[in-house]
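Enquirer: So that we are looking at the same thing, I have put the structure below in structure tokens.
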Amino acid sequence: MSLYGYVRLGPNRYRERFGLSFEDLYPGLRICHRPGVDVSQQDNREEAVDLLNNAHLHYDSRYAAQTEWRHPLGVSTLTVQRLFGMASRSWYRRRNMLAIDSIAMTRPVFGGDTLYAASTVTDLTPGDENVGVASCTIEGSNQRDEVVSWIACRMEVYRRGRHPEDDPAAPPSEDERFRLYHPNADGALVEQTGLAFEDLKPGETFVHWPGRALDFDESRRHALRSLEINPRWSDPDYLKRNAIAQAIYEPLVIGAVTALTTRTLGRVVANLGWNGVELPRPVRPGETIHAESTIGQVRPSASRPDQGIVHVETRGLVDAELVCRYQRTLLVYRRGAGPYASAGY
């Protein structure tokens, strides 16, 4: 099975890859998706209000307190969205969702719950030369391992070598540290989350994938939530009057670039700080930022035997043009250390 999370682009240069090809699947295959995600009552209220959902059970606490649930009930469609999102790393090589045959909500979800997702392949049928059809169930559970939802669906999954990102010149790097999954006690495959300290080698560059596009509305939300008063981030009329081009709020650019690194640098205990942050030119709304990180000095922590210190340079690029660069110092868990096993990772 092609269960490796990087392709080799050249000496000491790797690009992240995700998802199983159709040939990697078999009936009975079970995948535990990671990470899980907390659901807050704010998430719940925003989902209902943004969609004009008039079922006040979701956001009227006084009303909900009189029901059998005693608390606002989670919006079912929010749970479904989260489950599909959490499953997307393993189903990254999906071409189309053909059908959702059934959705069952088996237990209530409340603000404060943590959701987890697991997929089981139930059937495989031939498709065409590019894809096969996979039937699967996606099971959602909470932090008490209680099943809250079942989704039965059918999707087209690209065959090996047929995905638009597949490149014969960049084969998967079959290195043990790059495995996408590890088996748990019952044989299910658990998605890996980031590289351990020992897996980060000085001089290696990791191209983070996919990229991220930012628009003006998202930039405005982040600026306003930061109490940024400069109207260039929130007032299109001000920009027109003063002939100023729209640009993405600079702290959001730094945040987006940093977030792109977390699929490789996901075992970080703490970010100890940034140095030398450069923003050579503004990022314009609609531009897609890609990021890559080069590992610098690595050394064990003198005071934390289960962790190491890693220096990293990260670069944000738009069409290969540099738009952001910085250096960071990270604390990273050693292999086998940290809360992963006890947290179900």
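The values are calculated or read from the model by the stated rules, or taken from the named source; none is laboratory data. Given the structure is predicted, the values throughout are model-derived calculations rather than measurements. Neighbour counts are summed over all protein chains in view; Cβ atoms, including those assigned to glycine, are modelled from backbone coordinates with ideal geometry.
Enquirer: Can you confirm whether residue 51 is among the hydrophobic types (A, V, I, L, M, F, W, C) and modelled with pLDDT of 95 or more?
Expert: Against the criterion (among the hydrophobic types (A, V, I, L, M, F, W, C) and modelled with pLDDT of 95 or more), residue 51 does not qualify.
Enquirer: One residue is enough: does region 146-160 have a residue meeting the conditions touching a strand residue (DSSP E or B) at 6+ places or on another chain (Cβ under 9 Å) and free of Cβ contacts under 8 Å to residues at least 12 places away in the same chain?
Expert: No, region 146-160 contains no residue that is touching a strand residue (DSSP E or B) at 6+ places or on another chain (Cβ under 9 Å) and free of Cβ contacts under 8 Å to residues at least 12 places away in the same chain.
Enquirer: When residues of region 116-145 are filtered for being touching a residue at least 60 places away in the same chain (Cβ under 8 Å), crowded, with 18+ Cβ neighbours inside 10 Å and out of contact with any Asp or Glu (no Cβ under 8 Å at 6 or more places or on another chain), how many remain?
Expert: The qualifying residues number 4.
Enquirer: Residues of region 1-48 being under 27 Å from residue 205 (Cβ atoms), at pLDDT 95 or above and aliphatic (A, V, I, L, M), which ones?
Expert: 7, 9, 20, listed by residue number.
Enquirer: Given the condition acidic (Asp, Glu), farther than 30 Å from residue 7 by Cβ and within 23 Å of the chain's Cα centre (by Cα), answer yes or no: does some residue in region 237-256 qualify?
Expert: For region 237-256, residues acidic (Asp, Glu), farther than 30 Å from residue 7 by Cβ and within 23 Å of the chain's Cα centre (by Cα): present.
Enquirer: Could you please find all residues in region 221-279 being of a type in the set (Lys, Arg) and without any contact (Cβ under 8 Å) to a residue 24 or more places away in the chain?
Expert: Of everything in region 221-279, those that are of a type in the set (Lys, Arg) and without any contact (Cβ under 8 Å) to a residue 24 or more places away in the chain turn out to be 221, 225, 232, 240, 241.
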